[in-house]
């Protein structure tokens, strides 16, 4: 239903900080104004644009605060200790990591450790997600609150989960005796 | 190089939106349309406004100096907006094809003051599509059948979207008293309050009016 | 048993692999219509007799009626699902169908494909006020403006958006605007090279 | 509309309503004796037992009509319900009818004392099996899944495919494969088939 590339497309609207190595007046985009850019001065721009500038060697990327080995280690511990999903520092943590590690590896300290930690956190959360799906379906509940789950996480189980619940709803409706029009 | 039609004039009471706000609304409409089982109201204004913005920007690009740094950034933005527009209209077209008779019926039952379900172009397409499919059935099958079988029984053949499909949503405005499960023999009725910022998974049906009013967004 | 042929048509659809089109089964369709005709005629006879007093004949009438309806459902489902497939092909192959696929369509299906092609084109042209929007493009979110491509076949001349003429020769490599070569990639004429 | 397969044009819906039900003729059905292949009689006479597809049985047995009476197919009777309640995960639902849930749901349209128990059994069965379907669809990427999928009913297979699709799409994204613009699936398959045909002819 939704391609991960589309989730990434949404993530690319996130603002990241870059330090440009050139000067540029304000750019009037349809989606809002960007800049001005001054050499050496940090500025926030959308991720898609940062990737483009980086590819053209026109900037250095400042990693987001949370993209830091110590902070991520704490986060991993918190996620391990908690029964529930903990709030993530960015709702696009997976996509932003993935993109920045590809196009701006050199700008990110201990990039390999960051990659591993993010993947560990992801795996912890996905395992939690699967057992909560199982509990949810077995519980006869008809709805659930899913705070702190990110879009990419939702997306990996989206079809499976919605189709299962659709089916459960039909089976439950059978039981409560809704007489259906016949169609043979 | 600035987007010169920065504002979209509305009717008397409507607020005037900036191009950036229109784009945001369009993106929201795109995701809602993507995840809702039924066809939502047409957002013709948003689509037309964004297409005008793109055209204006393309003209600006033509006039700009070759090799200007900004050109590629503007072009990338145009590509991104065009993607949202095409994807949005494609999803709608698919639903129109899947549920043609149902949608045309809904549209014919619509009250004067309600917003249209289809844009004029979509309506024309839906009509032509329905005629062509029924014509095909007729020429290859129905007219060769015995006298009492020659018509399509719409009660049986109309395909409807399943409004009971499950969807994911994010709450934009506190909304009280959503009846998510009617009272049945075995269970009592179930009512939930939606708090701003929360995410839920539930059936689409009780939420349909709140998607239309933007109190919740589908994710 | 009633509606056996009709069921065969449905089994044929179920077997059909994605991206293929089985030959239009004119023979089976005719047999289904013949069976319907026979059921209908028998029923007419029995209904007249039943009205004249032999009401015990109604059981057979009901059963044949169910058979008529079943045949109708299967036959229409056969046509409907083939149209769905034809439509999908319009989006995947473009406005010209490969000859071997077209060969498997019946005449009315070819006509329907052309009609669909036309209404789709008219619709896309009517979007907005500036010449429309090609919805068969931009199938994936854009990543870069330009893409590096390699020709998989000899395709001949190609005019780029800025008016240059390129010759797309097998194995030649080019740097093109994504928006102008997406179709050629989808149709397997160019290959997108990613590093 | 209750379920996807109720859609008039749905292939699985048509196939599910083709499943057989044991019936007993209650009123004579004249001149249709040939529907019972085990007898030479011209008519179907009261007391005759035969199996009819759901769509036919439904036309002859309803609140208004009792031309035949029906029995529940064995895979929905108490014996099988007990097996499913004991441990549904080990049961080969494909063998019990490739449309176990869909056909089971259709059967509930009959006025029959067991329908409530059948409805409960369908829910329980799905609830018990869902974890296995999910885990196998999510973990066994690149492994042979046929031993699992061969025991799934058509609806479950659909769920399995959805789960696996979600995973493969994510993995393609993770390895940046999604960045590559590709030939449409239909075109690719069509080419491949053409090549095979040319090589074998």
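The values are calculated or read from the model by the stated rules, or taken from the named source; none is laboratory data. What you see is a predicted model, and the numbers here were worked out from it, not measured in a lab. Here the Cβ positions follow ideal geometry from the backbone for every residue, glycine too, while neighbour counts run over all protein chains shown.
At-a-glance table
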| quantity | calculated |
| --- | --- |
| Residue satisfying all of: in the range D:20-35; surrounded by 15 or more Cβ atoms within 10 Å (Cβ to Cβ) and more than 10 Å from chain C (Cβ to nearest Cβ); nearest to the chain's Cα centre (by Cα) among these | D:20 |
| Hits in the range B:46-69 (condition: without any contact (Cβ under 8 Å) to a residue 40 or more places away in the chain, closer than 17 Å to residue B:122 by Cα and surrounded by 19 or more Cβ atoms within 10 Å (Cβ to Cβ)) | B:46, B:51 |
| Strands (runs of 3 or more DSSP E) contained entirely in the range B:133-219, each with at least 2 residues that are more than 7 Å from every other protein chain (Cβ to nearest Cβ) and more than 17 Å from the chain's Cα centre (by Cα) | B:166-171, B:175-181, B:190-194 |
| Scan of the range C:120-143 for residues that are without any contact (Cβ under 8 Å) to a residue 40 or more places away in the chain, surrounded by 15 or more Cβ atoms within 10 Å (Cβ to Cβ) and more than 7 Å from chain B (Cβ to nearest Cβ), ordered by number | C:120, C:124, C:132, C:134, C:140, C:143 |
| Among residues of the range A:110-126, those that are closer than 23 Å to residue A:155 by Cα and touching a helix residue (DSSP H, G or I) at 6+ places or on another chain (Cβ under 8 Å), counted | 10 |
| Conditions (1) within 10 Å of another protein chain (Cβ to nearest Cβ); (2) closer than 30 Å to residue C:28 by Cα; (3) surrounded by 15 or more Cβ atoms within 10 Å (Cβ to Cβ); (4) touching a helix residue (DSSP H, G or I) at 6+ places or on another chain (Cβ under 8 Å); number of the one not met by residue C:100 | (3) |
| Of the criteria (1) within 22 Å of residue B:138 (Cβ to Cβ); (2) more than 11 Å from chain D (Cβ to nearest Cβ); (3) assigned to a helix (DSSP H, G or I), which one residue C:8 fails | (1) |
| Among (1) surrounded by fewer than 20 Cβ atoms within 10 Å (Cβ to Cβ); (2) modelled with pLDDT under 95 - the single one residue D:71 does not satisfy | (2) |
| Failed condition for residue A:87, given (1) within 14 Å of chain B (Cβ to nearest Cβ); (2) in contact (Cβ under 8 Å) with a residue 12 or more places away in the chain; (3) in contact with a strand residue (DSSP E or B) (Cβ under 8 Å, 6 or more places away or on another chain) | (3) |
| Leading residue by the ranking (nearest to the chain's Cα centre (by Cα)) among those in the range C:25-42 that are more than 9 Å from chain B (Cβ to nearest Cβ) and in contact (Cβ under 8 Å) with a residue 12 or more places away in the chain | C:25 |
| Among residues of the range A:138-154, those that are buried (at least 20 other Cβ atoms within 10 Å of the Cβ) and more than 9 Å from chain B (Cβ to nearest Cβ), counted | 3 |
| Meets criteria (in a strand (DSSP E or B) and away from chain B (no Cβ under 14 Å)) for residue C:175 | no |
| Any hit, the range C:47-67, residues being in a helix (DSSP H, G or I), facing chain D (nearest Cβ under 10 Å) and closer than 30 Å to residue C:104 by Cα | yes |
| Those helices (runs of 4 or more DSSP H) lying entirely in the range D:99-180 with at least 2 residues at pLDDT 90 or above and either within 15 Å of the chain's Cα centre (by Cα) or at the interface with chain A (Cβ under 7 Å from one of its Cβ atoms) (or both) | D:100-107, D:115-139, D:154-174 |
| Verdict on residue B:129 being part of a helix (DSSP H, G or I) and within 17 Å of the chain's Cα centre (by Cα) | no |
| The range A:155-167 - residue that is within 11 Å of chain B (Cβ to nearest Cβ) and either closer than 22 Å to residue A:89 by Cα or part of a loop (DSSP other than H, G, I, E, B) (or both) and, of those, farthest from the chain's Cα centre (by Cα) | A:157 |
| Matching option when the condition is more than 17 Å from residue C:76 (Cα to Cα) and assigned by TED's automatic domain parsing to the domain that holds residue B:27, among B:115, B:149 | B:115 |
| Where residue C:105 falls short, out of the listed (1) within 25 Å of the chain's Cα centre (by Cα); (2) more than 30 Å from residue A:2 (Cα to Cα); (3) crowded, with 20+ Cβ neighbours inside 10 Å; (4) within 14 Å of chain D (Cβ to nearest Cβ) | (4) |
| Any hit, the range C:108-119, residues being surrounded by fewer than 18 Cβ atoms within 10 Å (Cβ to Cβ) and under 27 Å from residue D:12 (Cα atoms) | yes |
| Filter result for residue A:54 (crowded, with 17+ Cβ neighbours inside 10 Å, within 14 Å of chain C (Cβ to nearest Cβ) and more than 27 Å from residue B:26 (Cβ to Cβ)) | yes |
| So residue A:100, is it surrounded by 21 or more Cβ atoms within 10 Å (Cβ to Cβ), away from chain B (no Cβ under 14 Å) and either closer than 30 Å to residue B:189 by Cβ or touching a helix residue (DSSP H, G or I) at 6+ places or on another chain (Cβ under 9 Å) (or both) | yes |
| Single residue of the range D:181-201 satisfying the filter (assigned to a loop (DSSP other than H, G, I, E, B) and more than 14 Å from chain A (Cβ to nearest Cβ)) that is modelled with the lowest pLDDT | D:201 |
| The one condition in (1) over 28 Å from the mean Cα position of the chain (by Cα); (2) at the interface with another protein chain (Cβ under 9 Å from one of its Cβ atoms) that residue C:163 fails to fulfil | (2) |
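For (1) under 30 Å from residue A:34 (Cα atoms); (2) within 12 Å of the chain's Cα centre (by Cα); (3) buried (at least 20 other Cβ atoms within 10 Å of the Cβ); (4) at the interface with chain C (Cβ under 10 Å from one of its Cβ atoms), each residue gets a yes or a no:
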{"site": "B:71", "(1), (2), (3), (4)": "yes, no, no, yes"}
{"site": "B:79", "(1), (2), (3), (4)": "yes, no, yes, yes"}
{"site": "B:89", "(1), (2), (3), (4)": "yes, yes, yes, yes"}
{"site": "B:99", "(1), (2), (3), (4)": "no, no, yes, no"}
{"site": "B:102", "(1), (2), (3), (4)": "no, no, no, no"}
{"site": "B:108", "(1), (2), (3), (4)": "no, no, no, no"}
{"site": "B:112", "(1), (2), (3), (4)": "no, no, no, no"}
{"site": "B:120", "(1), (2), (3), (4)": "no, no, no, yes"}
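Conditions tested, residue by residue: (1) at pLDDT 95 or above; (2) in a loop (DSSP other than H, G, I, E, B).
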site: C:69; (1), (2): yes, no
site: C:72; (1), (2): yes, no
site: C:77; (1), (2): yes, no
site: C:86; (1), (2): yes, no
site: C:100; (1), (2): no, no
site: C:114; (1), (2): yes, no
site: C:121; (1), (2): yes, no
site: C:128; (1), (2): no, yes
site: C:132; (1), (2): no, yes
